[in-house]
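Trainee: Following this message is one structure expressed as structure tokens.
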Amino acid sequence: MSTATTNGKTAARTARRNPIAGILTWADDRTGLATASKKQIRKVFPDHWSFMLGEIALWSFVVLLLTGTFLTLWFKPSMGEVVYNGSYDQLRGVSMSEAYASTLHISFDVRGGLLMRQMHHWAAMLFVGAMFVHMMRVFMTGAFRKPRELNWIIGGLLLQLGILEGFAGYSLPDDLLSGTGLRIAQGLMQAVPVVGTYVSFFVFDGEFPGDAIIPRLYTVHVLLIPGILLALIGAHMLLLVYQKHTQWPGPGRTNENVVGYPMLPVYAAKAGGFFFIVFGVTALMGGLMSLNPVWRFGPYNPSQVTAGSQPDWYMGVAEGLLRIFPGWETHIFGFTISWNILIPGVVLPGVIFTVFFAYPFLEAWITGDKREHHLLQRPRNAPTRTAFLVGMMTLYGLLWAAGGNDILAVTFHLNLNYITYFMRVAVFVGPVIAFLITRRWCISLQRADRDRLLHGFESGIIMRSPEGAYAEKHLPISVDEAYTLTARDRDELVQAPTPADENGVANRKVRMMRLRARLSQYWYGTAIQKPTAQELEEAQHHAEHELEVHEDGHQHLESGDYSGEYEFDGHAADGHQFDGRHAIEGEELRKH
Amino acid sequence: MTEHDNPTGTTPQPRGGHGTDVATVEPAGDPIADPGMHPHEPRPTDVDEKAARRAERQVATLFGLSSLFAILCVVSYFAFPIGDDPAIILGFGASNVALGLCLGLALLCIGIGAIQWARKLMSDVEIVEARHPVASSEKDREEAVVALNQGISDSGIARRPLIRNSLIGALAALGLPAIVFLRDLGPLPGGDLSSTVWKKGMRVVNDVAGTPIRPEEVEIGQLINAEPGVFFEENAEGEPKFEGTHLNQAKGKAAVILVRMKPSDITPAKGRENWGVDGILCYSKICTHVGCPISLWEQQTHHLLCPCHQSTFDLADNGKVIFGPAARALPQLPIMVDGEGYLVAQSDFHEPVGPSYWERGER
């Protein structure tokens, strides 16, 4: 028990405490924050430029929340008709929806309003774009493998919702272009068999365009989808923190550790700083680069459209699918099935996303790989997967180009019909060609890696044999590089069941196992494996022999078919003694 | 053979300074042992106080510049007018450009400063953190299963299927109101999609001014965007009969185009011989693909192209699809001349206009 040491008139005072420590103590007393955060504060993240792509998506989402909130202060999500009376001369006196009029108001009569509108739209482009590129990075490096399949799926949902959110967003101003987009969406809904017209009438509260779609989309755009996005982003990040980030293999970097810098202070500064950079770049884009100038399009009118109508870039693929699909329609028992809309608009996107979500499981099933992977793969070391991605990218690019076939025709003075016919074939042929080329390319790169491991790098030193044959001297690569090149798994084929095994297994299962073995055979196919220790040793022995300096002080060249009796002068060509790879003490130009 | 016993086979001399981490040979046949992490190499700012102070100045300058730009941003907000008489720089709205530039630079300076700080002055010693298996330990799993089973058996849900089944039923039944409550999202389609406002005797008028059209005013090769005359009529109270949403909904189906071709070029289908007036034909303007208004007219070939997805229709051949994703011909509106010499509809369209739908029928 402690008492005051004086009987003075002032109360005894404790020593002045650090106010921050005080706040932290207060918080910990109530939340137990210290236990939860003691390990997270200095949590290690590995460093690589490609890990920044997801960060762009994250930060542009924050920019979207900030700029979007600003816009809601003025935007009126209403299709009620008003006569415009604002600052934009060309539209004064024109009847339009309140949504469009308030968008014009934000653009022309709110200081910083146009900036925020353009920043919001640019950030949306960045958001979806960064998610796409991030996804490709994850795919190409095998970062979706166990235990990260769930995060792959969450990422896929984020991408899908991001695209939907973008579409809802650019429909809100109710200008001629966005109304055309909605009209197309309505056409897609209406084409769904049996329930199509009902869906359309419920969504639009009657016939298109109705007066409900803008307020409804507004709620979806500012509340529903952002809420889901936020929750999914939270889950995505939590899993990332719990599972720890993947890393590239290298000296000291294994499947069992993470090597990098601590959250506080390095990543707090780097990632926090990067938020300001993304924000700043968006602000510069919003200030300097015009985007979606809705005032030029005019209010929506269902009987008008502008030539060269284009959606935002991420809808280009859907647009391309719609454009190149042939005009197939079936009439049966008095009902109409519009294959020309149903397949490109509903079925194919469903198929694409199903393959997307199922991919990690399909690959794991084919390869039989059930291990945890925390080391990234170089794209070349998974030739079939990389080739699949490049095939998909080719398909995406072709469809995207097909979505602008009119622009291509006008820009390059081509025949629009021929472009479309070409695309109809190219979407089947192009991805296959891209797949085959990429696979071979990857395997060639693997060969090059293997050569480098076994024979070293090209030193640039040319050796001449006594007969006059020339050969370039190879020198061994560093241990670091050699280790990094070999730090990958050996591909293991799934074995088909032998007849002896088959007896005990049901027939269908055997067929599946055979299929799997065949797929695995194709999957790994002719991929090049890293050399074994024995192969490396032989190569080393060979190299040492070549470089050996005999007792007579001479190096014997053992290259090509040479087997003569001449000896090679143990010196490299004059000047090469200063190539930076050797000690140069006592070396001088030989001058002969 | 030399006396090297380095297992790498590629590098005779391991570089000095390796081996700070445990070097292991993986049993999976990794041919080269992990050489371990390199020792930390100091940066200039780690060893040279002058370099460190320079970096400190750089970071502080960037942060200082940021404040400057933030102030400039506020100044621009008040300095450049917008609205009726906006200030213009180089053809851009001055306010937008200045605000964007100042805000962008203010933000970038903070970002670049923070990253420079991290790169130059914060420790760049790499830290190794061990990974633990993502899965819980066997013991934890077992305990969780025990707890789960205990909870389940406590509830008796397995032993008392009556409770379980009636609860499932109750929850499923709750789905009904959830769906039914959405019923008033919109009316049922009914026959709305199959008819338009066109009817016998309704004038075909210019879509901008609403003026009725005489056949002799339409030249060969000309295309006129037209609408039903009722869109420009007023009711007894002097108000437009159609406005706002109703106008847009009606327009989305009833918009038409008038074209005049040489009568000899036209090959009308059976029953359509009298649908035009001296080579003037009237077609729905709404594409049969997904409903964009069609208006790109190729005079010489009589082709009409949809700007959205490039479906092309031959108007001399009953609006037949000759290219693109549309499946059905463009619906034709039969027209004639009324007593005053103006073009009018003979009837409504004989089939639903616009994109296809399930219950559209085979018309």
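Coordinate-derived values only; no laboratory data. Source: prediction; values computed, not measured. Methodologically, a virtual Cβ is constructed for each residue, glycine included, from the backbone with ideal geometry; neighbour enumeration extends over all protein chains shown.
Trainee: At what distance in angstrom do the alpha carbon centres of the stretch B:57-78 and the stretch B:304-357 lie from each other?
Mentor: Cα centroid of the stretch B:57-78 versus Cα centroid of the stretch B:304-357: 61 Å apart.
Trainee: Same structure again: Between beta-carbons, use under 15 Å as the cut-off and find the net charge around residue A:132, counting Lys and Arg +1, Asp and Glu -1.
Mentor: Here the charged neighbours net out to -2.
Trainee: Would you list the membrane-span-like helices of chain B, meaning whole DSSP H runs whose alpha-carbon atoms span at least 24 Å along their axis and whose mean Kyte-Doolittle value is at least 1.0?
Mentor: On the way: long enough: B:49-79 (44 Å, 0.69); B:94-120 (38 Å, 1.33); B:138-155 (26 Å, -0.81); B:161-180 (29 Å, 1.56).
Helix filter hits for chain B: B:94-120, B:161-180.
Trainee: How many angstrom separate the Cα center of the stretch B:188-226 from the Cα center of the stretch A:180-245?
Mentor: 35
Trainee: To continue, here is another question. Can you give me the C-alpha center-to-center distance between the stretch A:323-342 and the stretch B:227-282, rounded to a whole angstrom?
Mentor: 27
Trainee: Which net charge results when you count Lys and Arg as +1 and Asp and Glu as -1 among the other residues whose beta-carbon is under 15 Å from that of residue A:262?
Mentor: Working: positive: A:38, A:39, A:42, A:43, A:244, A:270, B:119; negative: A:47, B:124, B:126, B:129.
Neighbour charge sum, excluding residue A:262 itself: +3.
Trainee: Using a/c under 1.5 as the rounded threshold, could you call the stretch A:11-145 rounded, prolate or oblate? The axes a ≥ b ≥ c are square roots of the C-alpha gyration tensor eigenvalues, and prolate needs a/b larger than b/c, oblate otherwise.
Mentor: It comes out oblate by the Cα gyration axes.
Trainee: Next question, about the same structure. Collect residues whose amide H, placed 1.01 Å from N in the peptide plane, falls under 5 Å from the amide H of residue B:333; neighbours closer than 5 in sequence don't count.
Mentor: Close amide H contacts, sequence-distant or interchain: B:282, B:283, B:284.
Trainee: Sticking with this one: What net charge is computed for the residues neighbouring residue B:216, neighbours being all others with C-beta under 11 Å from the C-beta of residue B:216, Lys and Arg scored +1, Asp and Glu -1?
Mentor: Within the 11 Å Cβ shell, the charges total -1.
Trainee: When a/c is below 1.5 the answer is rounded, else prolate if a/b is larger than b/c, else oblate, so apply that to the stretch A:51-341 with a ≥ b ≥ c taken from the square roots of the Cα gyration tensor eigenvalues.
Mentor: Working: a/c = 2.51, a/b = 1.41, b/c = 1.78.
It comes out oblate by the Cα gyration axes.
Trainee: Now, a different point. Would you mind checking the pairs A:39/A:146; B:270/B:320; B:285/B:320; B:251/B:320 and listing those with alpha carbons more than 20 angstrom apart?
Mentor: A:39/A:146; B:251/B:320
Trainee: Order of A:26-39, A:462-475 by packing, highest average Cβ count within 10 Å first?
Mentor: Packing order, densest peptide first, comes out as A:462-475, A:26-39.
Trainee: Here's another thing I want to ask about it. Quick check on the exposure proxy: order A:254, A:219, A:180 from fewest to most C-beta atoms within 10 angstrom.
Mentor: A:219, A:254, A:180
Trainee: Neighbour counts of other C-beta atoms within 10 Å: give me A:132, A:208 arranged from fewest to most.
Mentor: Exposure proxy ranking, most exposed first: A:132, A:208.
Trainee: Under the rule of at least 5 residues apart or a separate chain, name every residue whose amide H is placed under 5 Å from the amide H of residue A:257.
Mentor: B:131
Trainee: Just going by the charge dipole of the stretch B:193-360, with Lys and Arg at +1 and Asp and Glu at -1 on Cβ, which of B:306, B:242, B:327 is farthest out on the positive end?
Mentor: B:327
Trainee: In addition: Going 7 Å from the Cα of residue B:350 toward and past its Cβ, which residues in the stretch B:294-337 have a backbone nitrogen under 18 Å from where you end up?
Mentor: In the stretch B:294-337, the label zone of residue B:350 (backbone N under 18 Å from the point 7 Å along Cα→Cβ) covers B:314-321, B:328-337.
Trainee: Order these by the 10 Å Cβ neighbour count, fewest first: A:335, B:181.
Mentor: Exposure proxy ranking, most exposed first: B:181, A:335.
Trainee: While we're on this one: For B:325-337, what's the mean count of beta carbons from other chains sitting within 10 Å of each residue's beta carbon?
Mentor: Numbers: counts 13, 5, 11, 6, 0, 0, 0, 0, 0, 0, 0, 0, 0.
That average works out to 3.
Trainee: Select from B:35, B:133, B:177 the residue whose mean-square fluctuation is largest in a Gaussian network model of chain B (Cα-Cα springs shorter than 10 Å).
Mentor: Comparing B:35, B:133, B:177 in the GNM, the peak value goes to B:35.
Trainee: Checking the cross-link filter: which lysines have an alpha carbon closer than 16 Å to that of residue A:270, excluding same-chain neighbours under 8 positions apart?
Mentor: Here the lysines satisfying the reach criterion relative to residue A:270 are A:43, B:120.
Trainee: With label points built 7 Å along Cα→Cβ from the Cα atoms of residue B:219 and residue B:200, find their separation and express it in nm.
Mentor: According to this spin-label approximation, the distance is 3.6 nm.
Trainee: Return one quarter of the surface area of the convex hull spanned by the alpha-carbon atoms of the protein assembly as shown, equal to its mean projected area, in nm².
Mentor: Averaged projected area of the protein assembly as shown's Cα convex hull equals 67.0 nm².
Trainee: Relative contact order (percent) for chain A, with alpha-carbon contacts under 8 angstrom and 6 or more residues of separation? It would help to have the intermediate numbers written out before the result.
Mentor: Working: 696 pairs, mean separation 83.6, N = 592.
Once normalised by length, the contact order is 14 percent.
Trainee: For chain B, what does the relative contact order come out to in percent, with C-alpha contacts under 8 Å and a separation of six or more?
Mentor: For chain B, the relative contact order is 11 percent.
Trainee: Once you have a ≥ b ≥ c as the square roots of the Cα gyration tensor eigenvalues for the stretch B:193-360, tell me rounded if a/c is under 1.5, and otherwise prolate or oblate according to whether a/b is larger than b/c. Kindly include the intermediate steps, with their values, before the conclusion.
Mentor: Numbers: a/c = 1.69, a/b = 1.18, b/c = 1.42.
The shape class here is oblate.
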